[in-house]
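**Student:** Here it is, the structure, as structure tokens.
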Amino acid sequence: MDKQSAMKKAQELHELLNTYNYEYNVLDNPSVPDSEYDRLMMELIKLEEAFPELKTSDSPTQRVGGSVLESFQKVVHKTPMLSLGNAFNEVDLQDFDRRVRQAVGDDVQYVVELKIDGLAVSLRYENGLFVQGATRGDGTTGEDITENLKTIRSIPLRLKKELSFEVRGEAFMPRKSFEKLNELRLQLEEEPFANPRNAAAGSIRQLDPKIAAKRNLDIFVYSIADLGGTGVDKHSEALDLLEELGFKTNKERKKCENIDEVLKLIEGIQEKRATLPYDIDGIVIKVDMLSQQEELGFTAKSPRWAIAYKFPAEEVMTKLIDIELSV
Ligand code: NAD
């Protein structure tokens, strides 16, 4: 492809991806399956690799999430809330492992977690009390959704220790709550939500916490943003600490000694996917040692010490098509 055509293609992809981002992140109402968005994003990444001058700071490849709704108070995140790099097959995962070992050596353990299909939130505690909750927003600034998060019963309002820190997790709508909500919406002749992820996002960004309270949301917490003072030196220890403190963590996590062990786990998780009471859209693989995470650092958009393996597209497509047929 010559430079002129590449520029034209990049422009087209910017426009499409920006539209889809807006629909997904701001309106909570996507018009295309995630797999289509991921495919276009990959096309743009490849184009920018071939023509680096196309990698402008406003490119969708450089941005996290969406914009912040004006109707909410803004929260500036002390630690940015980033996205995750994507892997779609074994080769991508082997590449990730190679990059990690090149940077920190061969003695690397991974933690494999389910990638919960919900909405990233941040929970700030001061002296053990829950004081503020926020959406990810554009990664730097999010929306203050404290009152809505207080309606999620699995979020402890007071911790078992008087710690001051920020915890990150995924708020989600369990499948049963989603089905009930859509049944109700159809009865009321309201438009049903496309999937539990969009229902969760739409519910948590309600200005009236009473509406959020009726939506039966839940949360799995998956990290501590600023570990200072907690004394842990592994991600797996941070998860254990969160559990001890009264948070709900996902029990399906596993420690792996190498990438081959990770690869062996994937098939089993994919088989289990349909039986889970909540939606997942992949798995997340994280380097366990925090000192190694620090050494690896971050790109503008995501940590170099973690990657999201996304499940193949067909199942996601079916989900959207099913919904369309049932409406
Ligand atoms: P992402 O969803 O690929 O990964 C990052 C997110 O994973 C984190 O922010 C966190 O919220 C979540 N997560 C879930 N479980 C986790 C765990 N155990 N540990 C850590 N994080 C965990 O990236 P993104 O930037 O949030 O969203 C981009 C994705 O959203 C795209 O890849 C696409 O699939 C979808 N999207 C779809 C459309 C559409 O129109 N259909 C538009 C925009 C984005």
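Each value in this text was obtained by applying a stated rule to the coordinates, not by laboratory testing. A quick note: this is a predicted structure, and the numbers were derived from the prediction, not measured. Positions of Cβ are backbone-derived with ideal geometry, glycine not excepted, and every protein chain shown enters the neighbour counts.
**Student:** In whole angstrom, how long is each semi-axis of the equivalent ellipsoid of the range 1-63, when you take the square root of 5 times every eigenvalue of its Cα gyration tensor and sort them from largest down?
**Tutor:** Details: eigenvalues 99, 25, 18 Å².
Whole-Å semi-axes of the equivalent ellipsoid: 22, 11, 9.
**Student:** If I take every Cα pair under 8 Å that is 6 or more residues apart in the range 19-153, average their sequence separation and divide by the length, what percent do I get for the relative contact order?
**Tutor:** Relative contact order here is 26 percent.
**Student:** Sum -39500 (n - 2.57) across every DSSP H segment of at least 4 residues in the chain, then divide by the residue count to get the 222 nm mean residue ellipticity, nearest 500. Could you put the intermediate results ahead of the total?
**Tutor:** Details: 11 runs with 128 residues, N = 327.
After summing the helix terms and dividing by residue count, I get -12000 deg cm²/dmol.
**Student:** Could you check the simple spin-label distance between Lys78 and Lys9, using points 7 Å along Cα→Cβ, in nm with one decimal?
**Tutor:** It works out to 4.5 nm between the two label points.
**Student:** Give the order of Tyr110, Tyr278 when sorted by the count of other beta carbons within 10 angstrom, beginning with the fewest.
**Tutor:** Working: Tyr110 27, Tyr278 21.
With the sparsest Cβ surroundings first, the list reads Tyr278, Tyr110.
**Student:** Right, here's the next one. Cα-Cα over 18 Å: which of Lys150/Lys248; Lys46/Lys264; Lys78/Lys310; Lys8/Lys55; Lys180/Lys248?
**Tutor:** Correct reply: Lys46/Lys264; Lys78/Lys310; Lys180/Lys248.
**Student:** Show me the trypsin sites (Lys or Arg not before Pro) within the range 1-109 that DSSP assigns to loop and that have at most 11 other Cβ atoms within 10 Å of their Cβ.
**Tutor:** Values: sites: Lys3, Lys8, Lys9, Arg39, Lys46, Lys55, Arg63, Lys74, Lys78, Arg98, Arg99, Arg101; in loops: Lys55, Arg63, Lys78.
Answer in residue order: Lys78.
**Student:** HN-Hα J couplings of the range 268-274 from phi, Karplus 6.51/-1.76/1.60, θ = phi - 60°, integer Hz, Gly and Pro as x?
**Tutor:** x, 5, 4, 5, 6, 3, 5
**Student:** Report ³J(HN,Hα) in whole Hz for each residue of the range 146-155, in order, from the Karplus equation J = 6.51 cos²θ - 1.76 cosθ + 1.60 where θ = phi - 60°; Gly and Pro get x.
**Tutor:** Once rounded to whole Hz, the list reads 3, 5, 5, 5, 5, 7, 8, 5, 7, 8.
**Student:** Suppose the chain between Glu244 and Asp208 were pulled fully straight at 0.36 nm per residue; how much longer would it get relative to their current alpha carbon spacing? Intermediate results must be reported in sequence, preceding the final value.
**Tutor:** Values: separation 36, 0.36 × 36 = 12.96 nm, distance 3.18 nm.
Difference between extended and current length: 9.8 nm.
**Student:** If you bin the C-alpha pair distances of the range 64-326 every 10 Å from 0, what whole percents do you get?
**Tutor:** Bins of 10 Å from zero give 7, 29, 36, 22, 6, 0 percent of pairs.
**Student:** With label points built 7 Å along Cα→Cβ from the Cα atoms of Val131 and Asn258, find their separation and express it in nm.
**Tutor:** So the label points at Val131 and Asn258 sit 4.7 nm apart.
**Student:** State, to one decimal in nm², a quarter of the convex hull surface area for the C-alpha atoms of the range 1-118, i.e. the direction-averaged projected area.
**Tutor:** Working: hull surface 40.8 nm².
For the range 1-118, averaging the hull's shadow over all directions gives 10.2 nm².
**Student:** Cut-off is 10 Å between beta-carbons; in what order do Ser35, Ser122, Ser57 appear when sorted fewest neighbours first?
**Tutor:** On the way: Ser35 19, Ser122 24, Ser57 7.
By the 10 Å Cβ count, ascending: Ser57, Ser35, Ser122.
**Student:** Then there's this: Taking other Cβ within 10 Å of each residue's Cβ, how do Val287, Val131, Val262 sort, fewest first?
**Tutor:** On the way: Val287 27, Val131 12, Val262 22.
Ordered by Cβ neighbours within 10 Å, fewest first: Val131, Val262, Val287.
**Student:** Please sort by residue number the trypsin sites (Lys or Arg not before Pro) in the range 242-275 whose DSSP state is loop and whose Cβ has at most 11 other Cβ atoms within 10 Å. Display every interim value, and only then the final one.
**Tutor:** Working: sites: Lys248, Lys251, Arg253, Lys254, Lys255, Lys264, Lys272, Arg273; in loops: Lys248, Lys251, Arg253.
Within the range 242-275, the qualifying trypsin sites (Lys or Arg not before Pro) (loop, at most 11 other Cβ atoms within 10 Å) are Lys251.
**Student:** With springs only between Cα atoms under 10 Å apart, run a GNM on the chain and tell me which of Asp226, Asp38, Asp58 wobbles the most.
**Tutor:** Asp58
**Student:** How much FRET efficiency would the formula 1/(1 + (r/R0)^6) give for Glu237 and Arg273, where r is the Cβ-Cβ distance and R0 is 35 Å, rounded to 0.05? Don't skip to the answer; put the middle values down first.
**Tutor:** Details: r = 28 Å, r/R0 = 0.79.
Result of the calculation: an efficiency of 0.80.
**Student:** Counting alpha carbon pairs within less than 8 Å and at least 6 residues apart, what relative contact order, in whole percent, applies to the range 64-326? Mind dumping the intermediate values first?
**Tutor:** Details: 479 pairs, mean separation 76.8, N = 263.
Reported relative contact order: 29 percent.
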